[in-house]
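Student: I have a structure here, written as structure tokens, and I will follow up with some questions on it.
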Amino acid sequence: MFFASDNSSGVPEQVLAALARANDGFAPGYGADAIMDRVRARIRDIFEAPEAAVHLVATGTAANALALATFCPPWGAVYCHRIAHIEEDECGAPEFYTGGSKLVLIDGADGRMDPAALADKLAAAARVGVHNVQKGMVSLTNLTEAGARYSVSEIKALCAIARDHGLPVHLDGARFTNALVAEGCTPAEMTWRAGVDVVSFGGTKNGLMGVEAVVIFDPAKAWEFELRRKRGGHLFSKHRYLSAQMEGWLENDLWLDLARHANAMAARLEAGLSRTPGARLMHPRGGNMVFAEWPRVGHHAAQEAGARYYFWPFDQSLDGPGEAPLSARLVASWSTTEDHVDRFLDLIPGR
Ligand SMILES: Cc1ncc(COP(=O)(O)O)c(C=O)c1O
């Protein structure tokens, strides 16, 4: 009953087997390995982007911060949602790697930027002069940090607003595949065809030991990204072990199957919670995360039985009347089972 995060899950045996295969013999370092050549070709194929630059890093924070730095000047603003991971959870890495870009926060329900709020902010920024931070780029997250999902048409609408101001768009896709399979579209439709310029294509939360691909649709930006990755200390020496994970994960559509399973387990949690007296869902479920509240008595029972999840917001206390609700984030992963979900759902009505 481990619903704290999808990065608490292990690594599927197919990925471990790919690592074991890559362990044989010698291979050039720093991304010059033959496996990376195949991974680059496969990701270009998946995104229907034969020219795209594809680079691997080991963390989502590095993927995001280096992608932003490649597109946004130090005097530029990155427009993102108020609860975006780049704002709340990356310890200033975007500001650090961009050399000081300012994050400008946009509101909107369920972690999705409100297009009117973005348009207003950009219209106001159109009047700035030398004394002000300039417009830099827009960054979206799919799935959002509230577990919801931008549809392709919502992404298109935000990209069109960015484009009206000549701004590039970044997509933080730490849970890209969960969003993709739930939306039922292609990777191209969710990214470059909708107007996205660069995507952090996350693998870690969906089964990898630690690999994210940064996919840049304009190859002219590739060299700058490479230099920034090296200078930022994120170019892996024994790179074949990143490449091998990615190759094993993409093989036979494993990446899609893992995300479909995680989403199905979250759907099961959601269905059970919606039948639980006193429970309430807080955001629409876009993929593998469920945000809900239920009475404290149920939290006590679940936690005593060993269930693990985060209160959301974090700063809530179990102390208080048993019937008073507390809100929580429940994340399902590729290794969550129906039994985990059902045992949890049996506990939360409380004693
Ligand atoms: C939406 C989102 N983006 C980026 C990240 C960053 O990933 P990492 O912890 O690997 O740096 C996370 C991880 O929680 C995330 O949820």
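Rule-based calculations on the coordinates, nothing more; no lab input. Predicted, not measured: the structure shown is a model, and the values here were computed from it. We place every Cβ from the backbone using ideal geometry, glycine too, and count neighbours over all the protein chains shown.
Student: Using Cβ counts within 10 Å as a stand-in for footprinting exposure, how do 344, 217, 96, 176 rank, fewest first?
Tutor: In increasing order of surrounding Cβ atoms, one gets 96, 217, 344, 176.
Student: Which order do 197, 218, 346, 319 fall in if you start with the one that has the fewest other Cβ atoms within 10 Å? All intermediate terms of the calculation are to be shown ahead of the outcome.
Tutor: Working: 197 24, 218 16, 346 12, 319 7.
Ranking 197, 218, 346, 319 by Cβ neighbours within 10 Å, fewest first, gives 319, 346, 218, 197.
Student: Starting from the amide H of residue 239, placed 1.01 Å from N in the peptide plane, find each other amide H under 5 Å away whose residue is 5 or more places distant or on another chain.
Tutor: Amide H to amide H, under 5 Å and 5 or more residues apart or across chains, residue 239 pairs with 30, 31.
Student: Using Cα positions and a limit of under 20 Å, work out the lysines in reach of residue 121, with same-chain residues fewer than 8 apart set aside.
Tutor: Candidates past the 8-residue exclusion: 102, 135, 156.
Student: Now for a separate question. Output ³J(HN,Hα) for region 293-300: one whole-Hz value per residue in order, computed from phi by the Karplus curve 6.51 cos²θ - 1.76 cosθ + 1.60 with θ = phi - 60°, and x for Gly and Pro.
Tutor: 10, 7, x, 3, 4, x, 5, 4
Student: To the nearest 20 debye, what charge dipole does region 13-252 have about its Cα centre, counting +1 at the Cβ of each Lys and Arg and -1 at the Cβ of each Asp and Glu? Please list the in-between numbers first.
Tutor: Values: 24 positive and 29 negative charges, 98 e Å.
Roughly 460 debye for region 13-252.
Student: Return 273, 318, 330 ranked ascending by Cβ neighbour count within 10 Å, so the fewest neighbours appear first.
Tutor: Final ranking by Cβ density, sparse to dense: 318, 273, 330.
Student: Taking the Cα centre of region 1-117 as the origin, how large is its charge dipole in debye, to the nearest 20, when only Lys and Arg (+1) and Asp and Glu (-1) carry charge on their Cβ atoms?
Tutor: It works out to roughly 260 debye.
Student: In whole angstrom, and with the biggest value first, how far do the Cα coordinates of region 13-252 range along each principal axis?
Tutor: Principal-axis extents of the Cα atoms in region 13-252, largest first: 59, 37, 31 Å.
Student: Assuming a ≥ b ≥ c are the square roots of the Cα gyration tensor eigenvalues, decide whether region 255-347 counts as rounded (a/c under 1.5), prolate (otherwise, with a/b larger than b/c) or oblate. Mind showing how you got there, number by number?
Tutor: On the way: a/c = 1.93, a/b = 1.75, b/c = 1.11.
Taking the square roots of the gyration eigenvalues as a ≥ b ≥ c, region 255-347 is prolate.
Student: Further, regarding this structure: On a C-alpha basis, how far is the centre of region 178-252 from the centre of region 37-105 in Å? Whole number, if you could?
Tutor: Computed from Cα coordinates, the inter-centre distance equals 10 Å.
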